[in-house]
Structures are given as structure tokens and as C-alpha cells.
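Some notes on the structure that comes next.
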Amino acid sequence: MNLRRLFLLGLLTVCAVSVASANEKMKAAEMSSINYSDFPSMLSPDDLGFKVLAPFIGKEDLFIKYGAGGYRRIQTVAEGLSRTHYYSGSSPLTFYRKGLDAEGEVVYLPAGSCEFKSATKDAVICMQKRGDEYLAFPIDLSLKGQPLGSVRFVNFTPANLVVLLNDERAAINPGGEVVTTFESKEKTYFNFKIGAMYEDEAKMIYSKRHPFRGGMRILFIGYASRSPAGGESPFRVVSHYDKGPEIRVMSAK
């Protein structure tokens, strides 16, 4: 049985709980930060700035090339988004793991890569581990990729989902997305519901009413946890709120 069907069957098995009960358990993942001495900080305002969502990655350290400064470690956060990393190279962004050569010296071995457009300066990179390789795809967070006054949901699960996002209804394949926009600058609320299709019937796996204020934007990413607590759905939603891409200012040296 393939991974998608296994995931969907497991998801639907635990989705027989009431929507009210599911709402209590399926909260957005908590964000946290760890300070690394070798964290890849900004070298230029033109760097690619990216956060990492890597729910399936274990304790192995991953690195990226950092200008002429060798390799820098990236941060992964359990069930959440990392802080912003910076990368000065061209596409693809390659991830490396530490290894040893025949003489016992440390070497950095390619472990996966992520293609991105040259115009992309802000992104969330979603990562998965398949065997010994890391697969990744970027979510563009430029204003062209997602304008102000919008809410966006990206499906980072191996299952087909049915989504209601305010007035937008869509069937979303893995890797697909749906966007809704708001014209008013006043605070409002919108409904956000997600269902999984099984035998032509949608089963509710997420339902919540969220606030929204004009001049901001929200990114939701849906993914599946591999280690849910007993009785909980494996489906998770992580959120990112901002008022547009960060302003890049180099500090004086």
C-alpha cells in the first residue's frame, strides 16, 4: 500500500471525533528558536531569506554553503517554522550533511536540494526525508507570490484535501494551494475548514474561525505529524503572519 493511501487511511481512522473535539487538539504548532554560533545570517540585502518547515527530520544536522565562509548549519524546529536563514548563492540551494573521508577528515556531502526562482528573496522551504535524501520545495513569500490582504493555504501532505477558506472552496492535491483575499481594512473573521476525501465523502479534519485585519497576510501550511499523541489526528496546521517581506538593512560594521 503506498504512502498516500496509508496516510489517508490513518487520517480518517482518527477523524471520527467531533469537530469541536478536533478543534481543541489541532492547534497551530508552536514556534521556537535556537541560537547557533554558525547560523547563516545575512551577507547581502539580495540574499534569499528562508524559513524551514521540516516536520519529518530527525536529529541529523544539515548545512548550506555560506559565501566564502564554508558551511553553516540550518535550524529545524519540531512541529514549527524556523527563524530566517540567508543564502547568497544561486539556485539550487543544496543541503549537506557531515561525513568523513578515507583519511577520517570531515567532508560535507550533498543530501538534497531546492530549486528557486532568481527573483525570489523570501520563502518558506518545506522539507521531507525520503531514505537518505532530503526533498524540498519553496513557498514564495514575495508580494508577487502572496499579496497583502490575503490568506493562503498550502497542502504539504501526501493526501488530497477539500478546503473552505473564507469564500474560496477548492479540492487541493499534494503541493497545491488556495488563496482568498480581503478588500476591507477593518478587522473581520473567516472560516477555515479542511476535509479529506475518502470514498467520495469528505471527512472533517480541521475547523476553526480565524481573525484577519487588512494590511496583513497569513500563510497556513498543512502537514502530517508522524508522532501524534494517542487519539489525536496526525494533521497539523502551522501559520505565518506578516505585513509583507521583511525590510533588509545591513548593520554597520
* May I ask you to list the residues in the range 79-129 that are free of Cβ contacts under 8 Å to residues at least 40 places away in the same chain, in contact with a Phe, Trp or Tyr (Cβ under 9 Å, 6 or more places away or on another chain) and basic (Lys, Arg)? => 97, 98
* Asked: If a residue has to be open to solvent by less than 80 Å² (accessible area, probe 1.4 Å) and either at pLDDT below 95 or of a type in the set (Gly, Ala, Ser) (or both) to count, how many in the range 218-229 make the cut?
  -> 6
* **From 77, 154, residue being open to solvent by less than 30 Å² (accessible area, probe 1.4 Å), of a type outside the set (Asp, Glu) and under 30 Å from residue 183 (Cβ atoms)** => 154
* Name the single residue, out of those in the range 233-253 being in a loop (DSSP other than H, G, I, E, B) and open to solvent by less than 50 Å² (accessible area, probe 1.4 Å), that is modelled with the lowest pLDDT. => 233
* Structure fact -> Within the range 61-74, the residues that are open to solvent by less than 50 Å² (accessible area, probe 1.4 Å) and either among the basic types (Lys, Arg) or within 19 Å of the chain's Cα centre (by Cα) (or both) are 62, 63, 64, 74
* On the given criteria, is residue 196 farther than 26 Å from residue 62 by Cβ, among the aliphatic types (A, V, I, L, M), buried (at least 16 other Cβ atoms within 10 Å of the Cβ) and in contact with a helix residue (DSSP H, G or I) (Cβ under 8 Å, 6 or more places away or on another chain)? -> yes
* Some residue of the range 25-42 being modelled with pLDDT of 90 or more, open to solvent by 60 Å² or more (accessible area, probe 1.4 Å) and not hydroxyl-bearing (Ser, Thr, Tyr) -> no
* To do: Among the strands (runs of 3 or more DSSP E) lying completely within the range 139-210, list those that include at least 3 residues that are within 18 Å of residue 235 (Cα to Cα), touching a residue at least 24 places away in the same chain (Cβ under 8 Å) and not small (Gly, Ala, Ser).
  => 150-155, 161-165, 188-198
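Here's the yes/no breakdown for (1) surrounded by 13 or more Cβ atoms within 10 Å (Cβ to Cβ); (2) assigned to a strand (DSSP E or B); (3) touching a Lys or Arg at 6+ places or on another chain (Cβ under 6 Å):
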| site | (1), (2), (3) |
| --- | --- |
| 45 | no, no, yes |
| 51 | yes, yes, no |
| 56 | yes, no, yes |
| 83 | yes, no, no |
| 95 | yes, yes, no |
| 103 | no, no, no |
| 107 | no, yes, no |
| 118 | no, no, no |
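The values are calculated or read from the model by the stated rules, or taken from the named source; none is laboratory data. Just so you know, these numbers come straight off a predicted model, no measurement behind them. Virtual Cβ from ideal backbone geometry, glycine too; neighbours counted across all protein chains shown. Quick note on the areas: whole protein, heavy atoms, side chains included, nothing else; ligands and nucleic acids left out. Shrake-Rupley method; radii C 1.70, N 1.55, O 1.52, S 1.80 Å.
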